[in-house]
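J.: Have a look at this one before I ask anything.
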Amino acid sequence: MKILKELYEDAQNIVRRDPACRNIVEAIILYPGFHAIFFHRIAHFLYCKKLFFIARLISQIARHITGIEIHPGAQIGRKLFIDHGMGIVIGETTTIGDNCTIYHNSTLGGTGKDKQKRHPDIGDNVMVGSGAKVLGPIKIGNNVKIGANSVVLKDVPDNVTVVGIPRNNKSKINRAKIAANNK
């Protein structure tokens, strides 16, 4: 029953946030972002029950149908909005808070250097722009905006906008590339 409630909220959220979506039936039938979340919520439930093979099978079927790859181990909060989702990758140890938006060709992935926790933790109300790469076991704060095609390799505090690609791995988040949100 909890899964159905979450899915209904996900569909309502699409109608609320996408001006092109006219009603909840359209969101459920026509939106691949909804389909990916639908399959993920089922696969994640099975993954938590240690039914790893069937969970991965469902996630791979969803990937072939939607072009969106979400590992069943990823923890996704309420009302995730995947807009134009083709090419999105969300890794196994990723956590995503509530009311987030992810645009196409974005990756919440690993760097290949870490063994246990390998993927990012995304706070609430985060927007990940098209083509952005958020990599490694880093923390992205609440109310963060990550610009299109940005690469994020370090923790990001709450209430900032991050854009660009860091020059090297030694730099902290390039402060010249961060602008505090004017709220």
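The values are calculated or read from the model by the stated rules, or taken from the named source; none is laboratory data. Everything numeric in this text was worked out from a predicted model, so none of it was measured. Counting neighbours? That spans all protein chains shown, and the Cβs are built from the backbone with ideal geometry, glycine included. Side chains included, ligands, DNA and RNA excluded: accessible areas come from the protein's heavy atoms. Shrake-Rupley method; radii C 1.70, N 1.55, O 1.52, S 1.80 Å.
J.: Out of D83, D10, report the one residue that is farther than 24 Å from R118 by Cβ and under 12 Å from the mean Cα position of the chain (by Cα).
T.: D83
J.: For the structure I just gave you, tell me whether G67 is under 19 Å from D18 (Cβ atoms) and either open to solvent by less than 60 Å² (accessible area, probe 1.4 Å) or among the aromatic types (F, W, Y) (or both). Full working, then the answer.
T.: Numbers: under 19 Å from D18 (Cβ atoms): yes; either open to solvent by less than 60 Å² (accessible area, probe 1.4 Å) or among the aromatic types (F, W, Y) (or both): yes.
Answer is yes for this residue.
J.: Test V126 against the stated conditions and say whether it is more than 17 Å from D10 (Cα to Cα) and either touching a Pro at 6+ places or on another chain (Cβ under 8 Å) or surrounded by 20 or more Cβ atoms within 10 Å (Cβ to Cβ) (or both).
T.: no
J.: Turning to a different aspect of this structure: Checking I138 against (1) touching an Asp or Glu at 6+ places or on another chain (Cβ under 7 Å); (2) under 26 Å from E9 (Cβ atoms): exactly one of these is not met. Which one?
T.: (2)
J.: Here's something else I'd like to know. Considering only residues of the range 2-19 that are modelled with pLDDT of 95 or more and aliphatic (A, V, I, L, M), which is surrounded by the fewest Cβ atoms within 10 Å (Cβ to Cβ)?
T.: V15
J.: Something else about it: Say whether the condition of being without any contact (Cβ under 8 Å) to a residue 40 or more places away in the chain, surrounded by fewer than 22 Cβ atoms within 10 Å (Cβ to Cβ) and within 18 Å of S130 (Cβ to Cβ) is met by at least one residue in the range 23-31.
T.: No, there is no match, as no residue in the range 23-31 is without any contact (Cβ under 8 Å) to a residue 40 or more places away in the chain, surrounded by fewer than 22 Cβ atoms within 10 Å (Cβ to Cβ) and within 18 Å of S130 (Cβ to Cβ).
J.: Between D114, D124, which is within 19 Å of P157 (Cβ to Cβ) and part of a loop (DSSP other than H, G, I, E, B)?
T.: So the residue among D114, D124 that is within 19 Å of P157 (Cβ to Cβ) and part of a loop (DSSP other than H, G, I, E, B) is D124.
J.: N159 versus (1) modelled with pLDDT under 95; (2) over 19 Å from T107 (Cβ atoms); (3) surrounded by 14 or more Cβ atoms within 10 Å (Cβ to Cβ): which is the lone unmet condition?
T.: Result: N159 fails condition (1) only.
J.: Would a scan of the range 40-56 turn up a residue that is within 24 Å of G129 (Cβ to Cβ) and in contact with a strand residue (DSSP E or B) (Cβ under 8 Å, 6 or more places away or on another chain)?
T.: yes
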